[in-house]
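Okay, so here's the structure we're looking at.
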Amino acid sequence: MANSPGDLQVIVPNLHRRYSGVTATNRMVAPRLARLFRAAWFGSDAPAGIARLGTADLLKLWRRKTPLIWHARRNNEMIAGVVLRALGWPLKLVFTSAAQRHHSRITRWLIRQMDAVIATSEISASFLKVKATVIPHGVDTDIYAPPQDRAAAFADSGLPGRYAIGCFGRVRAQKGTDVFVEAMCRLLPRYPDFTAVIVGQVTAEQTAFASELRKRIEAAGLQSRIVITGELPIEQVQRWYQRLTIYAFTSRNEGFGLTLIEAMAAGAALVAARAGAAELVVEDGVSGVLVPPGDADALEAALEPLIRDVAAATAMGARGRARVLERFSLDAEAARIGEVYRPLL
């Protein structure tokens with residue numbers, strides 16, 4: 001690792017084998033934290049821009065005198081932090097929660113052992129039963145940015161029409177993919193310039209759900225205009241955001257919903273179900289439009305004015321981008337996390 005273990009201030013553990021949304025958000029902010037603190041990543045899927053801490057390096061920190069942040073985001077990481085501290089590691093324990101549900105007894109006990117707790121939204125904070133600092137996720141506004149020419153970016157896709165409307169995330173009922181498909185089956189026949197794109201993985205257990213969606217699309221005769229891409233490399237997903245004129249966030253329930261700020265950062269107009277952090281992120285009617293979750297009628301009604309008036313959609317997208325730059329950048333997230341760390345160090 002770049003720093004000697006004795007110089008470290010922050011350990012970012014990632015003790016989860018499967019790549020997940022928690023891993024993705026952790027990977028994005030960790031290199032920004034490493035610009036502010038002497039930080040290292042412990043575990044799998046380490047991103048560029050932050051030193052790696054091996055097990056041998058971790059062992060060298062036993063009974064060190066100066067305090068060290070251990071920033072957990074999962075139960076197993078909290079457990080590891082509590083155990084290491086009990087065995088003599090000089091850890092200050094921080095936990096970030098995005099969950100919007102009542103926690104189990106063991107999770108509540110672990111949270112009470114933390115020195116500081118962060119929630120990604122007020123809703124998440126309300127389930128924690130302890131004092132928490134609300135710090136929303138951020139997005140890399142250099143990577144998630146409007147294209148120089150959106151029309152050319154869409155034309156590069158080879159899809160029919162002139163404009164794209166997207167819905168990203170795993171193809172499943174929780175993400176509201178069926179709500180999006182239903183709204184598209186109603187709207188696209190009236191607006192031939194638009195094509196709908198669903199970017200996301202179809203897992204084995206969701207094969208039947210996806211098959212029903214494809215049957216609905218075929219029944220509407222829209223196979224060429226409602227496209228399910230399957231799982232794509234992140235660089236291709238980022239390019240797809242730049243092809244969108246409108247983004248639909250349709251989750252029925254969500255921890256935070258990172259696609260909200262990714263789409264806004266790329267300058268797409270946003271229609272969002274009131275799930276996850278939507279009400280925190282979106283100024284209704286200004287930087288997006290909020291609708292009830294699971295309601296295809298409401299989604300259709302909110303999308304149609306933007307489909308009908310592309311200039312209005314483009315203007316909304318610009319306002320959304322400005323809001324992300326102001327409130328939801330990675331640098332803003334890292335700076336606020338730093339404010340939680342400093343008193344502990």
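Values quoted throughout were computed directly from the atomic coordinates according to the rules given, and no laboratory measurement underlies them. The shown structure was predicted, so the numbers you read here are calculated from the model rather than taken from an experiment. With ideal geometry, Cβ positions are generated from the backbone for all residues, glycine too; neighbour counts draw on all protein chains shown.
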For the chain, take the longest principal axis of its alpha carbons; what is the angle in degrees between that and the long axis of helix 207-219, to the nearest 10 within 0 to 90?
20 degrees
What spacing in nm lies between the two simple spin-label points modelled at N76 and Q201, each 7 Å away from Cα in the Cβ direction?
1.6 nm
Hey, what did segment 150-327 get for relative contact order, percent, Cα under 8 Å, at least 6 apart?
24 percent
The chain: angle of helix 234-243 to the longest principal axis, Cα-based, in degrees nearest 10:
40 degrees
Inter-label distance for R35 and A56, nm, one decimal - labels placed 7 Å from Cα along Cα-to-Cβ:
3.2 nm
Could you estimate the translational diffusion coefficient of segment 66-186 from the Stokes-Einstein equation, with Rh from the Kirkwood formula over C-alpha pairs, at 10 °C and 1.306 mPa s, in whole µm²/s?
88 µm²/s
From the helices alone, meaning DSSP H stretches of at least four residues, give me the mean residue ellipticity at 222 nm for the chain, per-run term -39500 (n - 2.57), in deg cm²/dmol to the nearest 500.
-12500 deg cm²/dmol
Are there any GluC sites (Glu not before Pro) in segment 160-268 that are in a DSSP loop and have at most 14 other Cβ atoms within 10 Å? List them by number.
E231
Modelled label-to-label distance, V286 and R112, 7 Å Cα→beta-carbon offset: nm?
4.1 nm
Give the relative contact order (percent, whole number) for the chain; include only Cα pairs under 8 Å separated by 6+ residues.
16 percent
Under 25 Å between C-alpha atoms is the cut-off here; go through the chain and count lysine pairs that meet it, provided they're at least eight residues apart or on different chains.
5
Normalised per residue, the volume inside the convex hull of the alpha-carbon atoms of segment 150-327 in Å³ amounts to 101 Å³
Output the 0 to 90 degree angle, nearest 10, between the alpha-carbon long axis of helix 330-344 and the longest principal axis computed from the alpha carbons of the chain.
20 degrees
Report the FRET efficiency, 1/(1 + (r/R0)^6), for S126 and R239, where r is their Cβ-Cβ distance and R0 is 35 Å, rounded to 0.05.
0.40
Students often get this wrong, so try it: which of (i) 1.07; (ii) 1.01; (iii) 0.97 is Rg/Rh (Cα atoms, Kirkwood Rh) as calculated from the structure shown?
(ii)
